[in-house]
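Q: One structure is given below, represented as structure tokens, and several questions about it will come after.
The values are calculated or read from the model by the stated rules, or taken from the named source; none is laboratory data. As the structure is a computational prediction, the values presented were derived from the model and not from experiment. No Cβ is skipped: glycine too gets one built from the backbone with ideal geometry, and neighbour counts run over all protein chains shown. These area figures cover heavy atoms from the full protein model, side chains too; ligands, DNA and RNA do not enter into them. Shrake-Rupley method; radii C 1.70, N 1.55, O 1.52, S 1.80 Å.
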Amino acid sequence: MSGETRTASAPPLAISSPGATAAEPGGRRRPVLRYLGTPLALAAVLLVLYLWVSGLALDSIEQRTLNWEYIHTRVLEHLRLTAVATLLVVIIAIPVGILLSRPGARWLSPVVLGLANLGQATPAIGLLALLTIQFGIGFTIALVGLIAYAVLPVLRNTIIGIQQVDPALIEAARGMGMTRGQVLRRVEIKLAVPVILAGLRTALVMAVGVATLATFVNAGGLGDIIVNGIKLQRTPVLVTGGVLTAVIAFFVDWLGSVTENALRPRGI
């Protein structure tokens, strides 16, 4: 009788175990689908754009812009301008933000942030016009304008991210025998990484959009396609330039999101 009782109680355990294991694959699939959703959607948008343009009877003027060689060159110019500007923003803004977060230099923060804010307070096209009048045209002028426009989010987030670290954690690290430099590297900067990356992500998206204005200083980019569509009154050209710019902006935002999650310290 006792043996029968034990065998009768076994099935509930056998039923509950598969349910627990079956939930695990779904839990793993959801993050994967979340990460792949944006690239797949952007690929679908590009496919629809290609099929739409391919189905149109393009005239000779439109064909001069809507061809693989021209579009490929403009996209590479746009990406190059955005990547170089973002790299220089990181090199400039993060070290300056770390310096301004130190107690002895905090009084300088309002002054530096005010100067950095001038880049965004001034309309991007007006800033490029002023730089062109003073220094001429070209890639370097567009780069300076982009840096001035995108430096504020990274600088501000670096300062805020480090300053908002719990003082108790800093005191605990000092109590463990760490020097100020070690506390900064191992505690403050690591805990500020999510906030810094959020600012960098914002700067990247802004740089992609503002880079379209580089066409007005003869620096190329997707702005050439957009301006051609406006000047020539060709809707397919205008739509192609606008959609490509939007796709790149969404893609770099997705890359920033993936990087932010990958570099986020565990437990935050």
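Q: Per residue of region 77-82, what does 6.51 cos²θ - 1.76 cosθ + 1.60 with θ = phi - 60° give for ³J(HN,Hα)? Whole Hz please, x for Gly and Pro, Karplus curve as stated.
A: 4, 5, 5, 5, 4, 5
Q: About the Cα centre of the chain, what is the dipole size in debye to 20, counting +1 per Lys and Arg Cβ and -1 per Asp and Glu Cβ, all else neutral?
A: 720
Q: Each residue of region 242-247 in order: what ³J(HN,Hα) in whole Hz does its phi give by Karplus 6.51 cos²θ - 1.76 cosθ + 1.60, θ = phi - 60°, with x for Gly and Pro?
A: Couplings: x, 5, 4, 5, 5, 5 Hz.
Q: Could you work out how far the C-alpha centroid of region 135-206 sits from that of region 208-268, in angstrom?
A: First find each Cα centre; the distance between them is then 24 Å.
Q: Per-residue HN-Hα couplings for region 168-173, Karplus 6.51 cos²θ - 1.76 cosθ + 1.60 at θ = phi - 60°, whole Hz, x for Gly and Pro?
A: 5, 5, 5, 5, 5, 5
Q: Taking the Cα centre of region 59-146 as the origin, how large is its charge dipole in debye, to the nearest 20, when only Lys and Arg (+1) and Asp and Glu (-1) carry charge on their Cβ atoms?
A: 480
Q: Going by average Cβ neighbours within 10 Å, how do the peptides 150-158, 248-256 rank, with the highest at the top?
A: 150-158, 248-256
Q: Over the Cα atoms of region 118-169, compute the convex hull volume and normalise it per residue, giving Å³.
A: 75
Q: Counting only heavy atoms of the protein chains, get the accessible area per residue of region 125-233 (1.4 Å probe) and round it to a whole Å² value.
A: Result: 47 Å² per residue.
Q: Any idea which of P110, V151, I61 is furthest toward the positive side of the dipole for the chain, if Lys and Arg beta-carbons carry +1 and Asp and Glu beta-carbons -1?
A: Of P110, V151, I61, it is P110.
Q: Continuing with this model, one more query. Given contacts defined as C-alpha pairs under 8 Å and at least six residues apart, what's the relative contact order of region 145-210, whole-number percent?
A: 55
Q: If packing is taken as the average number of other Cβ atoms within 10 Å across a peptide's residues, how do 101-114, 204-217 rank, most packed first?
A: Going from most to least packed, we get 204-217, 101-114.
Q: What relative contact order, as a whole-number percentage, does region 45-146 give when Cα pairs under 8 Å and 6 or more residues apart are counted?
A: 23
Q: What residue among T215, L204, T179 has its Cα farthest toward the positive end of the dipole of region 179-258, where the charges are +1 on Lys, Arg and -1 on Asp, Glu, each on the Cβ?
A: Most positive-ward Cα: T179.
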